[in-house]
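S.K.: Below is one structure. I have some questions about it.
Bear in mind these aren't lab numbers, they're just calculated from the coordinates by the rules spelled out. Owing to the predicted nature of the structure, the values given are computational and were not obtained by experimental measurement. Neighbour counts are summed over all protein chains in view; Cβ atoms, including those assigned to glycine, are modelled from backbone coordinates with ideal geometry.
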Amino acid sequence: MRIAFLISSATLMLTLGSPAFANGGGAMHPAPPPGQLPPREATPAQRATALYNDALHLTKKADRAQETATAATDAGKKDKAAHEANDEYTAAHAKFEQATQIDPAMPEAWNYLGYTSRKLGRYLDALAAYDKALSLKPSYADALEYRGEAYLAVNHVPDAKQAYLDLYASNRALAEKLLNAMKAWVTAQRAAPGGASAGVEDFDHWIQERVQISAQTASLTRAGTAASWR
Amino acid sequence: MSDAKVALGRRLFFEPRLSVTGNYSCASCHDPARAFSDARRVAIGATGQALPHNAMALVNVAYNVSFGWARPQVHSLETQMLEPMLNEHPVELGMKGREAAVSGRLAADPDYARDFAAAFPPEAAPVTFGNVVKAISAFERTLISGNSPFDRYVFGGEHQALSPEAKRGMALFFSGRAGCAGCHSGFNFAGNWRDAQGQTGRASFANNGASSIPIRVPTLRNVALTAPYMHDGRFATLDAVLEHYSAIGARVRPDYDPRLPRSPFTADERADLLSFLNSLTDESFVKRFAQLR
């Protein structure tokens with residue numbers, strides 16, 4: 001059962017989407033505070049940075065609204081928060097898009113253009129934006145994780161697995177986040193009408209084995225090694 | 001590091017003219033087919049003198065924090081290499097006092113003259129003892145192994161790459177009860193490692209239950225190829241090593257290092273651990289260097 005490719009309703013998106021929020025992998029750049037665009041003589045990079053910072057601020061607001069919507073039990077409150085999240089993601093998306101047009105060499109802006117695209121259900125746009133971010137910065141762990149979630153959204157399980165393995169070798173915390181998104185994806189597939197296919201159950205076995213491997217091999221990481229050598 | 005320097009170092013690694021007898025080289029104790037170790041209990045120098053320690057395998061040494069079995073203060077391959085080259089008690093390669101003569105002989109060889117010039121381009125007279133050491137170190141830094149069945153299982157996501165026995169052994173290896181990963185931690189199963197940021201910290205030395213002083217934690221990568229085992233080569237097989245640690249687990253004392261095993265291993269557990277240790281063999285690493293001479 002495929003998840004609907006394009007989801008225009010923010011409420012539906014929040015129902016199906018895993019509760020995954022911004023990783024914080026694109027910190028605020030040193031630039032004027034939100035709402036204060038630099039003067040016209042600012043360089044393209046400075047203007048792009050100001051837009052990026054504005055958009056990041058909106059994205060964090062949208063994330064908070066989405067968290068509220070996810071947690072709300074009252075249908076009215078859930079719907080209101082979901083719409084607020086949708087509005088903020090839309091506004092942020094427009095600014096990230098502008099930032100990438102002004103400074104196409106800014107991987108953080110491409111990454112968050114992907115993030116807001118994904119939050120708005122535009123998964124193919126999201127994948128293209130993450131590809132661009134990673135072409136500029138191949139080791140960009142946040143973009144790898146986000147792209148993994150986008151692959152899940154369009155049911156590209158082999159690509160999502162590869163994203164996990166790339167992260168497992170470089171950033172265990174984000175690998176864990178993607179693994180949780182994978183578990184949520186399997187749960188959603190099972191809950192869908194018709195239930196999960198054999199492929200979904202195979203994927204679940206793969207996930208369970210990764211959980212086991214990850215738990216066993218903490219000592220392979222620098223933090224794990226440091227712990228045993230205290 | 002440059003391709004020319006690595007190629008020169010590779011040739012020098014097998015060069016018998018470096019030894020006092022003219023028939024010994026680095027490879028005499030560091031055989032590529034044995035993951036750059038040898039099959040002897042302890043290493044034997046060019047003149048036949050026995051060294052106090054087993055020849056250490058050269059695997060992923062670019063990431064080592066320190067070198068050698070018992071001296072944490074040796075922090076670079078270049079420093080370590082002076083030991084086998086210049087040691088007199090016992091003699092290893094026996095270059096002490098012959099550094100200039102050996103360099104002169106290499107400089108007179110047109111192939112070496114060309115290769116040293118390519119490896120050290122700004123130098124007018126590049127065939128020096130110091131550059132011999134630098135080139136061999138550069139080659140040793142290319143001895144990278146990371147394609148074992150374990151790697152394919154854990155990092156490659158090939159969940160069929162390990163047998164059920166090896167998976168059980170892996171679970172035991174990384175458990176607190178067996179304690180193996182308490183010392184053999186990190187990607188190289190050798191404790192702390194040097195990373196790209198240079199955050200090296202301290203080298204990992206531990207009491208292995210077979211020495212009166214702390215001993216370097218050796219890598220377990222390709223360990224099935226590096227018999228005999230321990231710093232003094234006292235055990236001929238990996239099973240004997242597991243029996244040694246199992247025996248430690250059977251007689252736990254309060255003053256034991258808490259990372260040592262807390263109970264003995266059953267025969268099945270030893271077989272599982274052995275299967276896991278065998279899964280650390282990287283055939284592509286062996287094949288890559290087996291033809292070198």
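S.K.: Every residue in region B:28-60 that is of a type in the set (Gly, Ala, Ser) and buried (at least 18 other Cβ atoms within 10 Å of the Cβ), please. Even if it seems obvious, please write down each step before you answer.
M.R.: First, pick out the residues of region B:28-60 that are of a type in the set (Gly, Ala, Ser): B:28, B:33, B:35, B:37, B:39, B:43, B:45-46, B:48, B:50, B:55, B:57.
Within region B:28-60, B:Ser28, B:Ala35, B:Ser37, B:Ala43, B:Gly45, B:Ala46, B:Ala55, B:Ala57 qualify.
S.K.: I'm trying to understand the selection: among the residues of region B:255-282, which are in a loop (DSSP other than H, G, I, E, B) and more than 29 Å from B:Gly156 (Cβ to Cβ)? So that I can check it myself, show each step before the final result.
M.R.: Here is the first cut: in region B:255-282, the ones in a loop (DSSP other than H, G, I, E, B) are B:255-266, B:279-282.
Matches in region B:255-282: B:Asp255, B:Tyr256, B:Asp257, B:Pro258, B:Leu260, B:Pro261, B:Arg262, B:Ser263, B:Pro264, B:Thr266.
S.K.: Checking the structure you have, find out if any residue of region A:160-176 is among the polar types (S, T, N, Q), out of contact with any Asp or Glu (no Cβ under 9 Å at 6 or more places or on another chain) and at the interface with chain B (Cβ under 8 Å from one of its Cβ atoms).
M.R.: Let us first name the residues in region A:160-176 that are among the polar types (S, T, N, Q), namely A:162, A:170-171.
If we keep only those that are out of contact with any Asp or Glu (no Cβ under 9 Å at 6 or more places or on another chain) too, we end up with A:162, A:170.
Next, only the ones that are at the interface with chain B (Cβ under 8 Å from one of its Cβ atoms) stay: A:162.
Checked region A:160-176: at least one residue is among the polar types (S, T, N, Q), out of contact with any Asp or Glu (no Cβ under 9 Å at 6 or more places or on another chain) and at the interface with chain B (Cβ under 8 Å from one of its Cβ atoms).
S.K.: Does A:Leu174 fit the bill of being in a helix (DSSP H, G or I) and surrounded by 19 or more Cβ atoms within 10 Å (Cβ to Cβ)?
M.R.: Values: in a helix (DSSP H, G or I): yes; surrounded by 19 or more Cβ atoms within 10 Å (Cβ to Cβ): yes.
Yes.
S.K.: Need the failing condition index for B:Ala267 against (1) farther than 18 Å from B:Gly179 by Cβ; (2) in contact with a Ser or Thr (Cβ under 9 Å, 6 or more places away or on another chain), just the number.
M.R.: Only one criterion in (1) farther than 18 Å from B:Gly179 by Cβ; (2) in contact with a Ser or Thr (Cβ under 9 Å, 6 or more places away or on another chain) is unmet by B:Ala267, namely (2).
S.K.: Just a yes or no: is a residue in region A:194-217 over 29 Å from B:Arg168 (Cα atoms), within 14 Å of chain B (Cβ to nearest Cβ) and out of contact with any Phe, Trp or Tyr (no Cβ under 8 Å at 6 or more places or on another chain)?
M.R.: No, region A:194-217 contains no residue that is over 29 Å from B:Arg168 (Cα atoms), within 14 Å of chain B (Cβ to nearest Cβ) and out of contact with any Phe, Trp or Tyr (no Cβ under 8 Å at 6 or more places or on another chain).
S.K.: Right, here's the next one. Looking at A:Thr225, A:Thr221 in this structure, which one is crowded, with 21+ Cβ neighbours inside 10 Å, more than 30 Å from A:Arg118 (Cα to Cα) and either within 14 Å of another protein chain (Cβ to nearest Cβ) or more than 21 Å from the chain's Cα centre (by Cα) (or both)?
M.R.: Among A:Thr225, A:Thr221, only A:Thr225 is crowded, with 21+ Cβ neighbours inside 10 Å, more than 30 Å from A:Arg118 (Cα to Cα) and either within 14 Å of another protein chain (Cβ to nearest Cβ) or more than 21 Å from the chain's Cα centre (by Cα) (or both).
S.K.: Spot the failing condition for B:Ala210; the list is (1) under 22 Å from B:Asn60 (Cα atoms); (2) in a loop (DSSP other than H, G, I, E, B), and only one is missed.
M.R.: (1)
S.K.: Looking only at region B:25-38, count how many residues are farther than 18 Å from B:Asp282 by Cα and either of a type outside the set (Ser, Thr, Tyr) or in contact with a strand residue (DSSP E or B) (Cβ under 9 Å, 6 or more places away or on another chain) (or both). Outline the logic, then answer.
M.R.: Step one: filter region B:25-38 for residues farther than 18 Å from B:Asp282 by Cα, giving B:25-29.
Checking which are either of a type outside the set (Ser, Thr, Tyr) or in contact with a strand residue (DSSP E or B) (Cβ under 9 Å, 6 or more places away or on another chain) (or both) leaves us with B:26-29.
Final tally of qualifying residues: 4.
S.K.: Inspect all residues belonging to region A:126-135 and state whether any of them is over 27 Å from A:His83 (Cβ atoms) and aliphatic (A, V, I, L, M).
M.R.: Residues of region A:126-135 that are over 27 Å from A:His83 (Cβ atoms), as a first pass: A:131-135.
Within this subset, residues satisfying the condition of being aliphatic (A, V, I, L, M) are A:133-134.
Yes.
S.K.: Filter region B:176-198 down to the residues that are assigned to a loop (DSSP other than H, G, I, E, B) and within 8 Å of chain A (Cβ to nearest Cβ), then identify the one that is surrounded by the most Cβ atoms within 10 Å (Cβ to Cβ).
M.R.: Taking region B:176-198 first, the residues assigned to a loop (DSSP other than H, G, I, E, B) are B:176-179, B:184-198.
Cutting the leftovers down to within 8 Å of chain A (Cβ to nearest Cβ) gives us B:185-187, B:191-193, B:195.
Numbers: B:Ser185: 29, B:Gly186: 23, B:Phe187: 21, B:Gly191: 27, B:Asn192: 25, B:Trp193: 22, B:Asp195: 13.
Only one residue tops the list, namely B:Ser185.
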